[in-house]
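Participant: Dropping a structure here in structure tokens format, bear with me for questions.
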Amino acid sequence: MRRDPIESSLKGLGPVVLAVMALVIASPAWSSSLCPVNLPEMVQQADRIVVGRAVSEWTGRDERRFPATITTFEVSQVLKGGPLQRIEVKQLGVTKVQPDGLATWIEGMPRYQKGSEYLLFLSPNSIYGFTMPVGAFQGAFEVRLAGPGKKAVLNAVNNANLLRGLEAEDLARLGLTPETFPFVSRGRGPLHLDELAGMVERLGGGKGVSR
């Protein structure tokens, strides 16, 4: 029998971490974090959609002794969520073994490389400040160069989830036509950042602001 990914990720964790998980995953955004989500769902569920470069990482136990990793991003473009110049993304788990032996990372949580650029669809913060991309790894996109002056984005599932469950009539109703957005004809693979920004705006994410 195939094990649930969240159940597998909890195997071997201590009671303190299990208690933290119970607190953090109490909200619907967390409890459904590993369910497949498409682009309209990502736009609806995210309270911040930003393009930013990872500039620093802190990992350890936070002020409540919860295992946490905080990645700081310098924001270059905001697609939803108001004017932002810098954000901190606090995720559950640590990326390095701690002096007390703590070595916990939750399956499905994306990890970020310092100096790399990402497009993030971020869920609202929990009461303890934790957040994660909508759909976990599905809502975290690496930004890559795609020719002179062009950038493309790609998530861990080759962008195959972005149009999941959407028929031609659904796409037309949402204004996502292949004439305007060529990605609609492919449905997977790298997607130009400016094209995705246009799709987010069309879906009600707000007018993007670049810095």
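Participant: Among the listed residues Leu102, Leu13, which satisfies the condition of being more than 27 Å from Glu201 (Cβ to Cβ), at pLDDT below 80 and either in contact with a helix residue (DSSP H, G or I) (Cβ under 8 Å, 6 or more places away or on another chain) or of a type outside the set (Lys, Arg) (or both)?
Facilitator: It is Leu13.
Participant: Determine if the stretch 136-146 includes at least one residue that is modelled with pLDDT of 95 or more, among the hydrophobic types (A, V, I, L, M, F, W, C) and touching a Pro at 6+ places or on another chain (Cβ under 7 Å).
Facilitator: yes
Participant: Out of the residues in the stretch 155-174 meeting the condition of being surrounded by fewer than 13 Cβ atoms within 10 Å (Cβ to Cβ) and in contact (Cβ under 8 Å) with a residue 12 or more places away in the chain, tell me which one is farthest from Ser116 (Cα to Cα).
Facilitator: Gly165
Participant: Using the structure shown, decide if Pro190 is at pLDDT 95 or above and in contact with a strand residue (DSSP E or B) (Cβ under 6 Å, 6 or more places away or on another chain).
Facilitator: Taking the combined requirement at face value, the residue satisfies it.
Participant: Here is a follow-up. Looking at Ser76, Ser126, can you tell me which residue is out of contact with any strand residue (DSSP E or B) (no Cβ under 6 Å at 6 or more places or on another chain), farther than 19 Å from Pro190 by Cα, small (Gly, Ala, Ser) and in contact (Cβ under 8 Å) with a residue 12 or more places away in the chain?
Facilitator: One residue alone meets the criteria, Ser126.
Participant: Now for a different question. Tell me which residues, restricted to the stretch 191-204, are in contact with a helix residue (DSSP H, G or I) (Cβ under 9 Å, 6 or more places away or on another chain) and surrounded by 14 or more Cβ atoms within 10 Å (Cβ to Cβ). Break it down into steps so the answer makes sense when it comes.
Facilitator: Taking the stretch 191-204 and keeping what is in contact with a helix residue (DSSP H, G or I) (Cβ under 9 Å, 6 or more places away or on another chain), we get 191-192, 195-196, 199-200, 202-204.
Result: Leu191, His192, Glu195, Leu196, Met199, Val200, Arg202, Leu203.
Participant: For the stretch 108-205, give me every one of the helices (runs of 4 or more DSSP H) that falls completely inside it and has 1 or more residues that are farther than 22 Å from Gly81 by Cα and of a type in the set (Phe, Trp, Tyr).
Facilitator: Counting at least 1 such residues, we get 183-186.
Participant: Looking at Gly139, Gly204, Gly135, which one is over 23 Å from Thr72 (Cβ atoms), touching a residue at least 24 places away in the same chain (Cβ under 8 Å) and within 19 Å of the chain's Cα centre (by Cα)?
Facilitator: Only one candidate qualifies: Gly204.
The values are calculated or read from the model by the stated rules, or taken from the named source; none is laboratory data. Because the structure is predicted, anything quoted here is derived from the model rather than measured. Heads up, the Cβs are rebuilt from the backbone with ideal geometry, glycines too, and the neighbour counts pull from every protein chain shown.
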